[in-house]
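The values are calculated or read from the model by the stated rules, or taken from the named source; none is laboratory data. The structure presented is a predicted model; accordingly, all values stated were derived computationally and were not measured. Please note: Cβ atoms are built from the backbone with ideal geometry, for glycine as well, and neighbour counts cover all protein chains shown. Calculation scope for accessible area: heavy atoms of the full protein, side chains included, ligands and nucleic acids excluded. Shrake-Rupley method; radii C 1.70, N 1.55, O 1.52, S 1.80 Å.
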Amino acid sequence: MVLVTKWQGAYYPTRTAPTEVIAVSYAFNNQIFEMRNCSCVLEGDIICWLNNAGESERPQESYFLERFACGGDCLSRPGPSSQVAPRAFYLLSTASSKSHSSLLKYGNDEEFKFALWGLNELIGSQKVSNELINDEGVIPILFNRLGSSKPYNRLAIIQVLRRMAWKNAENKEKMVDAGYLSLLVKSLTRDVEERREAVGLLLDLSDLIAVRRRMGRIQGCIVMFVAMLNGDDPVASRNAGKLLNTLSSNTLNALHMAEAGYFKPIVQYLKEGSDMSKILMATALSRMELTDQFRAALGEDGAIEPLVKMFNAGKLESKLSALSALQNLSIVTENIQRLVSSGIVVPLLQLLFSVTSVLMTLREPASAILARIAQSESILFNQDVAQQMLSLLNLSSPVIQCHLLQALNNIAAHSSAAKVRRKMKENGAIQLLVPLLKENNSKIRSGALNLIYTLSKDLPEELTEQLGETNISCIVNIASSSTSEDEKAAAVGLLSNLPISDRKATDILKRENLLPILISITSSSIATSTPTTCWLVESVAGVLIRFTNPSDKKLQLLSAEHGVIPLLLKLLSSESPVAKCRAATSLTQLSQNTLSLRKSRNSRKSMWSCVPPSADAYCEVHDGYCYVNSTFCLVKAGAISPLVQILEGKDRQADEAVLSALSTLLQDEIWENGSNCVAKTAGIQAIIKVLESGNVKAQEKALWILERILRVDEYRVQYGESAQVVLIDVAQNGDPRLKPTVAKLLAQLELLQIQSSYF
């Protein structure tokens, strides 16, 4: 084997035994590092060496790569010999190209790495011909290694392939194989640098028709391009965007892009494509399972306007595909305003009134879109739209009826729709709707029930008459038998809107045995907390106010016997402030009659004349014998603590009703006993809290209760100081209507003379 050594400033070929190769070559490397300017001498010696050495003496390529490539780091960190090593490698490759290609094909990872490095340098310096690359099959070799190589080699392979593609157009033609493209798409899922190089190479190849055709067919290719477009790497994002733009010339690719969340191509087809392309895109949009985010993005990208244009100006097929697509997009609120702004409402209504048979297939999607548009208050610009829909109810198919009822419910529910609701009622909406309560179609029945409920809020006195006994019985039956929580809530809500003072309505509900139904419904619903169950519980609590009317003790007794009082206590712990407020109101009404119903200890006439009353029945507050189901005593029912807990909470909506219930314990005959009861449950501090942060009506009731409680010396001493701070603040900053009562309380606390003119 021939090596080069240095002696007295000159270079000499040297033969050495194989056992000395490592030591001599290391010294040889040192000479290269030190004397880069002698590369010509080295080059000549290497040529002599390669030409003169026998096959058995010729070293393997890896030998030179190890010694001329700076220990394997030249690709990433060029060392002192990097200017010499590529030339040395080139001499070796030209002398032994066959063994070089075999190294690329069969070399281990390290050998392959150096071979790639050398190949990259050769291509860059144009020292290797395209014929040699073709003859040795370098491109197929590199793609074969791409699938199994380590990450650093994969990156280098793609970089070499990119350089080949730049240098020679023929090389691109050799990379169009679907298998090769699939390998590059797989690289799109890997680390940042490899992704960047892979998408760059695919972009370089995309000027070939075959590549564009095949890329769109590779599974996951378009999805990855869209992901990279939205990624953080600006270079990869830009290249992915260019590729998507190139591929979008194919309509199928544009659809795949839309499925992946990139909508600009499909919107462009809707705006500028042929009629058939527009129909294709609209039909695809109508069938896509889009997320709400994607629907909103389509609206933002401008899909609504061309679809509306297709509906207005296109032929039947265009109209149908456009309406179906708009129906899909109208699910999200962001697109509803876009639809209103497009001016589609009037054409949709005109379509619903059309009797042309060819247009009948369009009525269902049109009614569905109107139902969605009705969620926006903008629809109220046309005051007659609700009446027009009502007139169509009995002339439409069940599906269209459902959509129209949904639209009418949305319109009537708007806070600014008072005039529309009044006009609907004046034009006989309830009479038109009540026959639908007997519909077998649950959606139609529920829609009609919900609409009557909404309209009934403004009909306090006329509702019973407008519904009639038969329909009230039907509504009770729905509340009892429906399997839909929403339908039950609407039915009970409608019953709660019947005028409380209407004895006829009360008698109908008693005959229909409503109380057990309500208790059963609430027992199964109060444990869950959804908007529908909350509405249901609130409605039940509203109906119970009717059955605890203080002017009808027999009705109160009937309610107590059915277990209404324990139910009211449960409602005090519900999550709904409205339910709490209504439950407290019912307890107030019951407690108003407790004094007259309790039996005094000193009374000779006793309903328990045969059996003496239990000691447990004695009530210290009412100073007599009380029972939950006969005297409706709040103390015996255990209602005081849950009432006080409501006052201690953060929500202030039920304060007035709760204080009304507590005030029934401080009536003239029993105020001192009631004060003791409230104090035992830590209620005084809770009442002071209401005085500090409640509304005016709640503050009035809190002042009334505090005035009575603070008559007791013990409580005046214990709570006077904390009360006076709040009282002074109310006096200075509160409602003027409260000042006289505040002055009286401050005088009671001896902070102000009773005759003071301060207020």
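Residue count for segment 249-292 under the criterion of being over 21 Å from GLY220 (Cβ atoms), within 30 Å of the chain's Cα centre (by Cα) and among the polar types (S, T, N, Q): the result is 3.
Please specify each residue of segment 460-481 satisfying the condition of being surrounded by 19 or more Cβ atoms within 10 Å (Cβ to Cβ) and within 37 Å of the chain's Cα centre (by Cα). Across segment 460-481, the qualifying residues are ILE475, VAL476, ILE478, ALA479. The number of residues in segment 661-713 being in a helix (DSSP H, G or I), closer than 30 Å to TYR625 by Cβ and not hydrophobic (A, V, I, L, M, F, W, C) comes to 13. Could you list, in sequence order, all residues of segment 187-219 that are of a type in the set (Lys, Arg) and within 17 Å of LEU244 (Cα to Cα)? Within segment 187-219, ARG195, ARG196, ARG212, ARG213, ARG214, ARG217 qualify.
The residue of segment 350-380 that is nearest to ILE279 (Cα to Cα), among those that are open to solvent by less than 10 Å² (accessible area, probe 1.4 Å) and without any contact (Cβ under 8 Å) to a residue 40 or more places away in the chain, is LEU370. For beta carbons closer than 6 Å, sequence separation of 6+ or different chains, a first residue in segment 474-494 that is under 20 Å from ALA579 (Cβ atoms) and a second that is among the charged types (D, E, K, R) and open to solvent by less than 40 Å² (accessible area, probe 1.4 Å), the qualifying pairs are ALA479/LYS488. Going through segment 714-742 one residue at a time, which ones are over 20 Å from GLU672 (Cα atoms), open to solvent by 20 Å² or more (accessible area, probe 1.4 Å) and in a helix (DSSP H, G or I)? Of everything in segment 714-742, those that are over 20 Å from GLU672 (Cα atoms), open to solvent by 20 Å² or more (accessible area, probe 1.4 Å) and in a helix (DSSP H, G or I) turn out to be GLU721, SER722, GLN724, VAL725, ILE728, ASP729, GLN732, ASN733, PRO736, ARG737, LYS739, PRO740. Among the conditions (1) polar (S, T, N, Q); (2) more than 18 Å from ARG287 (Cβ to Cβ); (3) open to solvent by less than 50 Å² (accessible area, probe 1.4 Å), the only one that THR251 does not satisfy is (2).
Every residue, every condition in (1) among the charged types (D, E, K, R); (2) more than 20 Å from ILE646 (Cβ to Cβ), yes or no:
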| position | (1), (2) |
| --- | --- |
| THR532 | no, yes |
| VAL540 | no, no |
| LYS554 | yes, yes |
| ALA560 | no, yes |
| PRO566 | no, no |
| LEU569 | no, no |
| PRO577 | no, no |
| CYS581 | no, no |
| LEU587 | no, no |
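Scanning segment 455-505 for residues that are over 23 Å from SER524 (Cα atoms) and among the small types (Gly, Ala, Ser) returns SER456, GLY468, SER501, ALA505.
Among all residue pairs at least 6 apart or on different chains, which show Cβ distances below 8 Å where the first residue, located in segment 332-347, is touching a residue at least 24 places away in the same chain (Cβ under 8 Å) and the second is outside any helix (DSSP H, G or I) and open to solvent by 30 Å² or more (accessible area, probe 1.4 Å)? Partner pairs satisfying both residue conditions: THR333/GLN375; ILE336/GLN375; VAL345/ASN382; VAL346/ASN382.
When ARG154, ARG190 are screened for being within 23 Å of SER102 (Cα to Cα), in contact (Cβ under 8 Å) with a residue 12 or more places away in the chain and open to solvent by less than 60 Å² (accessible area, probe 1.4 Å), only ARG154 passes. Applying the condition of being among the hydroxyl-bearing types (Ser, Thr, Tyr) and not in a helix (DSSP H, G or I) to segment 503-549 and asking which residue is least open to solvent (accessible area, probe 1.4 Å) yields THR548.
A quick yes/no check of all residues on (1) open to solvent by 20 Å² or more (accessible area, probe 1.4 Å); (2) among the hydrophobic types (A, V, I, L, M, F, W, C); (3) touching a residue at least 40 places away in the same chain (Cβ under 8 Å):
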site	(1), (2), (3)
LEU270	no, yes, yes
MET276	yes, yes, no
GLU289	yes, no, no
VAL308	no, yes, no
SER321	no, no, yes
SER324	yes, no, yes
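Filtering segment 229-248 to residues that are open to solvent by 30 Å² or more (accessible area, probe 1.4 Å), polar (S, T, N, Q) and in a helix (DSSP H, G or I) leaves ASN245, THR246. The set of residues in segment 204-225 that are open to solvent by 40 Å² or more (accessible area, probe 1.4 Å) and under 23 Å from TYR152 (Cβ atoms) contains only MET224. Set side by side, the residues GLU131, GLU136 differ, and just one is surrounded by 15 or more Cβ atoms within 10 Å (Cβ to Cβ) and farther than 23 Å from ILE218 by Cβ, which is GLU136.
When THR333 is tested against (1) more than 21 Å from THR454 (Cβ to Cβ); (2) open to solvent by 60 Å² or more (accessible area, probe 1.4 Å), just one condition goes unmet, and that condition is (1). Scan segment 482-502 for residues that are buried (at least 18 other Cβ atoms within 10 Å of the Cβ), within 33 Å of the chain's Cα centre (by Cα) and either hydrophobic (A, V, I, L, M, F, W, C) or in a loop (DSSP other than H, G, I, E, B) (or both) and report the count. Total meeting the criteria: 6. Residue-level check: of (1) surrounded by 15 or more Cβ atoms within 10 Å (Cβ to Cβ); (2) more than 25 Å from PHE632 (Cβ to Cβ), VAL678 misses just (2).
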